[in-house]
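A short write-up of the structure that comes next.
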């Protein structure tokens, strides 16, 4: 185990003046922005493919029904919708580069042991995001759209029919928001575990507050998902399972911290006798 002096020397070696920090931050932001711009230019070349991917859940539900279409009511709406879709895809594609730039900016200010400890969380972040976005794309969005389309009515002699003709920008904004919301919501274990490492929360505190957590999960699901029970439950149940997983993760972090502190205390007590001449 490294001593406090060795850790301080290691941290001191990575320090730099404030101006150098600002220059480093500028460079990392420039690399991130460049990655997003390049990804945007590339994604715009495949804007129709990205559109088909995002429109697939609704297209699958409406398959075999002639005359179904999405509309736009403004002359510039379709163009700016493609811009928005391309930028959204570019952010997803460039995320690994942006994450690496953030890590390169933060890592020099961490101890070597802290850098090793944070790496698993950095790797887990995109995996959990993909899990949340996949749940939204393959489960929640199809169920939600079937629910909304169930309000269509064929009409009759004294009643006009109610037919869904979604606007392309509103539809794509809803889909992209749901994918983003589910992906971010699935970062719960990473957030809680990092808070446990910082000593802000404990596993015992999470256990004692589980009832409030369950209510909170359903509240979050009600805000992030369309107003139907299936969609809300589809997000709330995984969040509750992730909360339980976070408890075990926080407990593991606490055990590791206790073990490390015990080893450091043993080293200090073992090395104190020769120093005092006793």
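A few points about this structure:
- Just one residue in the set 174, 149 is at pLDDT 85 or above and crowded, with 16+ Cβ neighbours inside 10 Å; that residue is 174.
- Number of the exception - residue 185 against (1) crowded, with 18+ Cβ neighbours inside 10 Å; (2) in contact with a strand residue (DSSP E or B) (Cβ under 7 Å, 6 or more places away or on another chain): (2)
- Selection status of residue 212, more than 16 Å from the chain's Cα centre (by Cα) and in a helix (DSSP H, G or I): yes
- Filtered by the rule that a residue be within 19 Å of the chain's Cα centre (by Cα), without any contact (Cβ under 8 Å) to a residue 12 or more places away in the chain and more than 18 Å from residue 48 (Cβ to Cβ), the range 64-105 gives a lone residue, 100.
- When 98, 140, 93 are screened for being touching a helix residue (DSSP H, G or I) at 6+ places or on another chain (Cβ under 6 Å) and more than 26 Å from residue 37 (Cβ to Cβ), only 140 passes.
- All conditions but one from (1) at pLDDT below 90; (2) under 30 Å from residue 152 (Cα atoms) apply to residue 95; the one that does not is (2).
- Taken as a whole, the structure leaves residue 221 outside the set of residues that are touching a helix residue (DSSP H, G or I) at 6+ places or on another chain (Cβ under 9 Å), at pLDDT below 90, under 25 Å from residue 85 (Cα atoms) and not in a helix (DSSP H, G or I).
- Test: residue in the range 191-204 that is part of a helix (DSSP H, G or I), more than 18 Å from the chain's Cα centre (by Cα) and exposed (fewer than 14 other Cβ atoms within 10 Å of the Cβ): yes
- Subset of the range 224-242 (residues that are crowded, with 18+ Cβ neighbours inside 10 Å and not in a helix (DSSP H, G or I)): 225
- Residues of the range 32-64 satisfying the condition of being farther than 30 Å from residue 144 by Cβ and surrounded by fewer than 17 Cβ atoms within 10 Å (Cβ to Cβ): 33, 34, 37, 38, 41, 42, 45
- Selection status of residue 179, within 25 Å of residue 254 (Cα to Cα) and either within 14 Å of the chain's Cα centre (by Cα) or surrounded by fewer than 16 Cβ atoms within 10 Å (Cβ to Cβ) (or both): no
The values are calculated or read from the model by the stated rules, or taken from the named source; none is laboratory data. This is a predicted model, so every value here is computed, not measured. Positions of Cβ are generated from backbone atoms using ideal geometry, with glycine treated the same way; all protein chains shown enter the neighbour counts.
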